[in-house]
Structure formats: C-alpha cells, structure tokens
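Before any comments, here is the structure.
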Amino acid sequence: MRDNCGRLKFVSAFFFFPFRSFLGRLGIRYDIARIANAYYRDEFNRAPAEAKAVILPHCLIGEKCAARFSKEEGVLCKECTQCRCGEIRALCREQGWQFYISPSAGFTKRLVQRKGIRAAVGAACAFEIEKGIRATPITLKGVRLKRRKVIPQVIVTARYDCLDNAIDWDLLKGVIVDGAGGGRSGDHAG
Ligand code: SF4
C-alpha cells in the first residue's frame, strides 16, 4: 500500500506536469525532491558502492578554491578546508563511492556515461530541479541521462546562487554513511 502510494505521488508529480503547474497556480505545491527521493530510495540503496557517486555542483566550492579542472573528471578537489566538499570527497573514498564536482548539467550527463554511475546523489536549487524535470526524461526506473538510467537522490541547495552556496552537509554525510532514508530524515529535500 505504501509502495503504491509513493508510486502514485511520483507519477502525478512527474508525469502530469501540466496538471501540477495548474495546481501550483492554485497554491497547491508538490515537493518534487522529497517525492523523488522517497520513491527511488530503496533502489538507490541497492546499487553497489562502486557504482554510486556524489556529484556536487560547482556553486558549493570555496571562493578561493585552488583545485584544477579536468575535462574528464571536473573540479579536482584537493581536500583543503576552505569548503565542505573536501570532507565529502574523503568520506566517499572511505565508503568506496565515486565523487565529482561538476560545472554543468551537460558535464554531469557525460560523466555518468564515462564512469558507469548507476546511482547518484546530486544537489541543485529549486530552479535547476524544475529545469531538469522539463529537459530530462524521468522514468519509474530512474532518470535517463543520455543512454544511461541513473537512480537519483537530490539535496536542495540553500539558495538560488552560483557562488558560495550551501547544502545540508550533515544530511549528505548521512546518506553516504547510513544510506538514503537512513539519516535523520527520510528524504533529502533540504
Ligand atoms: S575543499 Fe576542494 S573544492 Fe573545496 S575549496 Fe578546497 S580544493 Fe576546492
């Protein structure tokens, strides 16, 4: 019953987008990240560690970040202490997960292809999430990024800003260590 309810919420939120927009105009809003995280959670947790990745947006890196950029792997974090990305990178390494900082949605799609990623925790602002829903095929089995389906978990950034942004870092650490839904919240809607 709980599964059916989650599926129904997911289908109505993602596949009946015009209907959702209409409800939005009436003041009835869907919490998209929360619904998606709950729906994909079990599948996400089942993916093997080496096929899981944290892919963070560049808006989270420190203002004076000295990391080099690689066309293959994005921002090559040096694990300094200017921002929390280094701490997350170290935790991913401990858990056998992949870790990347991506400059754009297009780069993230190519990364997923190249690195064999099956499940990813990402972070984005509400605006980028809505844009992604319109531009990306979303299925009951995952989000289609080019030829690959990826099981997502999403953490919403603190604000709509490309500089010096933030997320709930402890929530992200909880997902990496305890699994999606295993931390202090059953979802990651920020
Ligand atoms: S922790 Fe990594 S991403 Fe953050 S400022 Fe240092 S090198 Fe850059």
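So what's the net charge close to Lys71: Lys and Arg +1, Asp and Glu -1, counting the other residues with Cβ under 15 Å from its Cβ?
Working: positive: Arg68, Lys109, Arg110, Arg114, Lys115; negative: Glu72, Glu73.
That works out to +3.
In order along region 59-66, phi translates into HN-Hα couplings of 5, 8, 7, x, 4, 9, 4, 9 Hz, rounded to whole numbers, per the Karplus curve 6.51 cos²θ - 1.76 cosθ + 1.60 with θ = phi - 60° and x for Gly and Pro.
Here the Karplus curve 6.51 cos²θ - 1.76 cosθ + 1.60, taken at θ = phi - 60°, turns the phi angles of region 118-131 into couplings of 9, 9, 9, 9, x, 9, 7, 7, 4, 4, 5, 5, 4, 4 Hz, with x standing for Gly and Pro. For region 40-178, the alpha-carbon coordinates run over 40, 31, 28 Å along the three principal axes, in decreasing order. Looking at this model, which pairs from Lys115/Lys173; Lys109/Lys149; Lys115/Lys149; Lys52/Lys115 are more than 19 angstrom apart at the alpha-carbon? As for pairs spanning more than 19 Å Cα to Cα, those are Lys115/Lys173.
A short reminder: the numbers here are calculations on the coordinates, not readings from a lab. Predicted, not measured: the structure shown is a model, and the values here were computed from it. Counting neighbours? That spans all protein chains shown, and the Cβs are built from the backbone with ideal geometry, glycine included.
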